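The values are calculated or read from the model by the stated rules, or taken from the named source; none is laboratory data. Predicted, not measured: the structure shown is a model, and the values here were computed from it. Counting neighbours? That spans all protein chains shown, and the Cβs are built from the backbone with ideal geometry, glycine included. These accessible areas exclude ligands, DNA and RNA; they are computed on the full protein's heavy atoms, side chains included. Shrake-Rupley method; radii C 1.70, N 1.55, O 1.52, S 1.80 Å.
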Amino acid sequence: MTPEEIAAVRGKLEDFAAEAFEPFARNDQRRWGRVYLQVLQADGQRKSVETMAARLGADGNRQALAHFITTSPWDPAHVRARLAWKMEAAIRPSALIFDDTGFLKDGNASACVSRQYTGTAGKVTNCQVGVSLHLASDLASAAVDWRLFLPETWAPGSVKADPGKVTRRTACGVPDNIGHVEKWQLALDMLDETRSWGIEVPLAVADAGYGDAAAFRRGLQARSLNYVVGISTTLWAQPCHALPVAEPYSGIGRRPVAKYPDKPQSVKQLVIAAGRKAAKPVQWREGSRPGTGRSGFKRMYSRFVTLRIRPAGREVRQAVEGPELPECWLLAEWPADQAEPVQFWLSDLPADTPLTTLVGLAELRWRIEHDYREMKQALGLAHFEGRTWNGRHHHVTLVSLAHAFCTLQRLARAPKTRRRPEPLPSRPRATDLLATWTGVCPTCHRGTPSPAPT
């Protein structure tokens, strides 16, 4: 790249940083925020404070960088709000997507570390878990809000409280008013926060970790959001045509309450009863592999069954006035080469919603995996080695900014028509992300933007 091109890239990032860090009270905070963003996007296998400061090469940078991340008193919510405003305008999101990811840890000294399940490892292991909210469309997505999940072992009032972990709350800077809250409730809290910023998106998408919680689905409906959420195979429901029936009144005592005559079935049983012939083929987006279609890329394809059902269960029943359970969509993926359905979703979208729309929204969650993979493998999301509550929240906020900047540049350079989603990279590097909009060679890294002068 020419010096002029490098200067243009640096200028764009400095403008982006100036806008994002405008709420900062001090010039040194704005300066180190800009430096942190630039080093996150530079090449390198590790993005911890130690290694990032070493790349800057000047004495004293480690202390200043560490102070900015761990103890500097800036509120990440102010930065996230500005990020959300910018990305809403750029992405024009069709959905909010909620998910969580694990940060694996060897020790027990970091805030909220505990043995817990995380999909990152696919098992129960020692980790922190962060819950995130993403703005998403078919073309792009961005993480704009985060919560650090506090396990019951860290909650002083819990019967599962671990005295050692409760004692470490002070050293880790965990606020006194933070207790154990379920992940689905953290998701609703983030939804409320983004709405307070003026972000209004009418649809929510989440996996079964959230969709199985009837309280989460009720919370979305109470906030006038439709949803398409994953569910497990064991969620119980009545078929749509089932109606509650009351036994004849004998004339003595209370009148019998209308009840469904048959026991509810699992969603898997309902789909299997509908049969393989009920599955219809659907193509929902372009993939990253070359194909023979007009676009030049292979389209994602599978077979899906849709049924109108009435979700059952004690929580659902307690929230409903009257004997009749509300209707909703059950969507199930049943590939032609599988003996039974493999994945299930629930949605309260209107009864006339087309199958292709349901499938497209359900499959939109792939963008979260795309975001996590880029942020973790290329931008250092999982590399933070600090132990404090504030440090973790500061770091994830700055990584989200770095990821958003790359996304904005990709969108600016993409063709105005037939823009396809970014592929899921196997092991992306920061320079690979930057190459998509700077022309930097991903092999020799010539032209990679350097950190700001110190």
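If you take the Cα atoms of the range 99-141, find Rg, then find the Kirkwood Rh from the mean of 1/r over all pairs, what is Rg/Rh?
1.12
Ignoring ligands, DNA and RNA, what percent of the accessible area of the range 158-268 is carbon or sulfur (1.4 Å)?
54
Could you give the distance between the Cα centres of the range 233-257 and the range 63-93, to the whole Å?
One Cα centre to the other: 52 Å.
How large, in percent, is the carbon and sulfur part of the accessible surface of the range 68-120 at a probe radius of 1.4 Å?
50
Could you give me the percent of Cα pairs per 5 Å distance bin for the range 202-241, shortest bin first, beginning at zero and ending with the bin that holds the maximum distance?
6, 22, 30, 22, 15, 4
What fraction of the Cα pairs in the range 47-194, stated in percent, has a spacing above 18 angstrom?
In whole percent, the share of Cα-Cα pairs in the range 47-194 beyond 18 Å is 67.
Semi-axes, largest first, in whole Å: what does sqrt of 5 times each Cα gyration tensor eigenvalue give for the range 185-341?
Output for the range 185-341: semi-axes of 35, 25, 11 Å.
Considering only protein heavy atoms, with the full assembly of protein chains and a 1.4 angstrom probe, order H383, H395, H78 by accessible area, largest first.
Accessible-area ranking of H383, H395, H78, largest first: H78, H383, H395.
Could you pull the Rg and Dmax for the range 159-219, using just the Cα atoms, both in Å?
15.3, 43
Take the Cα pairs of the range 119-173, get the Kirkwood Rh, then feed it into Stokes-Einstein at 4 °C and 1.567 mPa s and tell me D in µm²/s.
Estimated diffusion coefficient is 94 µm²/s.
Kirkwood Rh over alpha-carbon pairs of the range 162-272, then Stokes-Einstein at 25 °C and 0.890 mPa s: what D in µm² s⁻¹, rounded to an integer?
135
Which GluC sites (Glu not before Pro) does the range 299-328 hold that lie in a coil by DSSP with at most 10 other beta carbons within 10 Å?
Answer in residue order: E321.
Looking at the range 211-289, which trypsin sites (Lys or Arg not before Pro) are in a loop (DSSP not H, G, I, E or B) and have at most 16 other Cβ atoms within 10 Å?
Taking the range 211-289 and a limit of 16 other Cβ atoms within 10 Å, the loop trypsin sites (Lys or Arg not before Pro) found are R223, R254.
Can you give the relative contact order of the range 221-375 as a percent, counting alpha carbon pairs under 8 Å and 6+ residues apart?
Relative CO of the range 221-375 lands at 27 percent.
With a cap of 10 neighbouring Cβ atoms within 10 Å, and only residues DSSP puts in a loop, list the chymotrypsin sites (Phe, Trp or Tyr not before Pro) found in the range 214-272.
The qualifying sites are Y249.
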